[in-house]
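Peer 1: Right, I'll just put the structure down here and ask away after.
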Amino acid sequence: MAEKLLEVKNLRTEFKREKSTVTAVNDVSFSIDKGEVLGLVGESGCGKSVTSLSIMGLLLDTSGKVTNGEVLLDGQDLLKLSKKEMRSIRGRKMSMIFQNPMSSLNPCMRVERQITEAILLHNKFSKEQAHKRAYDVLKSVGIPDPDTTLRSYPHQLSGGMSQRVMIAMALSCEPDLMIADEPTTALDVTIQAQILELMLQIKEERNSGILLITHDLGVVAEMCSRVIVMYAGRIVEEAPVKELFADPIHPYTNGLIASVPKIGSGVKKLPAIPGSVPDLSVMPKGCKFAPRCKYATEKCRQEEPKLQYLPGSTTRKIRCHVFNRAKEGGEQA
């Protein structure tokens, strides 16, 4: 059996407003094995990034707070650790590639200082050794002139270069767990393939786990062994990646996959999911996807379905009252 690296159990994250509290992540549970790449997909506003920030313990300076659940990394509950203890883990045992490099890099510090900070903190390196490590990791992510980049400030770099610096920072200490939040958004196709290959290479060498958050279902199909689909802060479907693409069951998953263009299909207009992700402060009663779902019944509008295993399966989970109708009805959402 595969060895568990990360276990998230019943995670709930809330944000305080002036007179109310909104729940951004609600009862989310999943695990990542060592050497596994788990995909996390869904529209913007579904709770993917908040889930990752909750795992990393990076909500302390916001109005957000984890109000329930456990986050176990190698059996250790990260939610019970102090700030100092978390600093000793972030960067060394787990790291994160942030979604927006332009706002994640410190504009007042040269790139070299920002990369070597974690290297010096977690390794018994001299400054020369840290510089060499920073140089090597920048080169590995496709930066042609690492020395010039190390001397630069973030504002002197393009968006793609900044993204590669962020990736280099996350990979610099070769962590056991990498959380990649849209890691290739600002990169061209060639560099994107290079970065994904590098992440897989590190995974194979260190038997590390990767949580890959992305909108790109093509990247999910290529990189991941399992995939989780989130909607309105909840997991609505979980499956091995090949099974999910071959036979998507939840109407929301069907809509996501149907909206991806296919070469040679002859389709002139792609189908779209009507409506938008609900406002967290005015969530609908019952199933949160019901207002956008063509299969919704009165039960769907009144009673929220539970996430449960598909009958006869130990690997697929679904949150839907009428998934059999969605599966058998021929026409997909």
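Peer 1: Run the accessible area of the chain with a 1.4 Å probe and give the carbon-and-sulfur part as a rounded percent.
Peer 2: 50
Peer 1: What distance in nm separates the simple spin-label points at Thr314 and Arg151, each placed 7 Å from Cα in the Cβ direction?
Peer 2: Distance between the two pseudo-spin positions: 6.0 nm.
Peer 1: Looking at the chain, what % of its DSSP beta bridges pair antiparallel, to the nearest 5?
Peer 2: Around 60 percent antiparallel, to the nearest 5.
Peer 1: Let me ask something additional. Using the heavy atoms of the protein chains and a 1.4 angstrom probe, tell me the accessible area per residue for the chain in square angstrom.
Peer 2: 50
Peer 1: May I pose another question? In nm, what is the difference between 0.36 nm times the number of residues separating Arg17 and Lys242 and their Cα-Cα distance?
Peer 2: 76.9 nm
Peer 1: Same structure again: Place a point 7 Å from Cα of Ser29 in the direction of its Cβ. Which residues in the stretch 296-319 have their backbone N less than 12 Å from it?
Peer 2: It comes to 307-309, nothing else.
Peer 1: If you don't mind, another one. Putting +1 on Lys and Arg Cβ atoms and -1 on Asp and Glu Cβ atoms, find which of Ala258, Leu244, Asn207 reaches farthest to the positive end of the dipole of the stretch 197-333.
Peer 2: Ala258
Peer 1: How long, wide and thick is the stretch 1-120, going by the Cα atoms along their three principal axes, in whole angstroms, largest first?
Peer 2: 47, 40, 31
Peer 1: All other residues with a Cβ under 11 Å from the Cβ of Glu238 taken together, and with Lys, Arg as +1 and Asp, Glu as -1, what is their net charge?
Peer 2: +2
Peer 1: Specify the angular offset, from 0 to 90 degrees and rounded to the nearest 10, of the alpha carbon long axis of helix 189-206 from the longest principal axis of the alpha carbons in the chain.
Peer 2: Compared with the principal axis, the helix lies near 80 degrees.
Peer 1: Work out how much length Leu79 to Lys127 would gain on full extension: take 0.36 nm times their residue separation and subtract the Cα-Cα distance, in nm to one decimal.
Peer 2: That works out to 14.0 nm of additional length.
Peer 1: Also, quick follow-up: At 0.36 nm per residue, and after removing the present C-alpha to C-alpha distance, how many nm does the segment from Val282 to Thr185 gain when stretched out fully?
Peer 2: 31.9 nm
Peer 1: Excluding Ile202 itself, what net charge comes from residues whose Cβ is under 12 Å from its Cβ, given Lys and Arg +1 and Asp and Glu -1?
Peer 2: Net charge in that neighbourhood comes out at -3.
Peer 1: Right, next: Divide by every residue of the chain the summed helix terms, -39500 (n - 2.57) for each DSSP H run of at least 4, and state the resulting mean residue ellipticity at 222 nm, rounded to the nearest 500 deg cm²/dmol.
Peer 2: So the calculated ellipticity at 222 nm is -9500 deg cm²/dmol.
Peer 1: Using only the alpha carbons of the chain, determine the length spanned along each of the three principal axes and report them from longest to shortest in whole angstroms.
Peer 2: Here the Cα extents, ordered largest to smallest, are 66, 49, 44 Å.
Peer 1: Now a separate question. Can you compute log10 of I(q)/I(0) for the stretch 185-307 with the Debye formula, treating each Cα as one identical point scatterer, at q = 0.10 Å⁻¹?
Peer 2: Calculated log10 I(q)/I(0) at the listed q: -0.41.
Peer 1: State log₁₀ I(q)/I(0) for the stretch 53-156 at q = 0.12, 0.20 Å⁻¹ as given by the Debye formula over alpha-carbon point scatterers of equal weight, solvent excluded.
Peer 2: -0.51, -1.13
Peer 1: Then there's this: Using the Karplus curve 6.51 cos²θ - 1.76 cosθ + 1.60 with θ = phi - 60°, work out ³J(HN,Hα) for each residue of the stretch 98-109 in order, rounded to whole Hz, and write x for Gly and Pro.
Peer 2: 7, 6, 10, x, 5, 9, 8, 8, 6, x, 9, 10
Peer 1: According to the Kirkwood expression over distinct Cα-Cα pairs, how big is the hydrodynamic radius of the stretch 79-238, in Å?
Peer 2: 16.4
Peer 1: Rounded to the nearest 20 Debye, what is the dipole magnitude of the stretch 106-176 about its Cα centre when Lys and Arg each give +1 and Asp and Glu each give -1 at the C-beta?
Peer 2: 140
Peer 1: In nm, to one decimal, how far is the Ala2 label point from the Cys108 one, both placed 7 Å along Cα→Cβ?
Peer 2: 4.3
The values are calculated or read from the model by the stated rules, or taken from the named source; none is laboratory data. None of the values given here were measured: they were computed from a predicted structure. Because the Cβ atoms are built from the backbone with ideal geometry, glycine has one as well, and the counts that use them run over all protein chains shown. Ligands, DNA and RNA are excluded from the accessible area calculation, which covers all protein heavy atoms including side chains. Shrake-Rupley method; radii C 1.70, N 1.55, O 1.52, S 1.80 Å.
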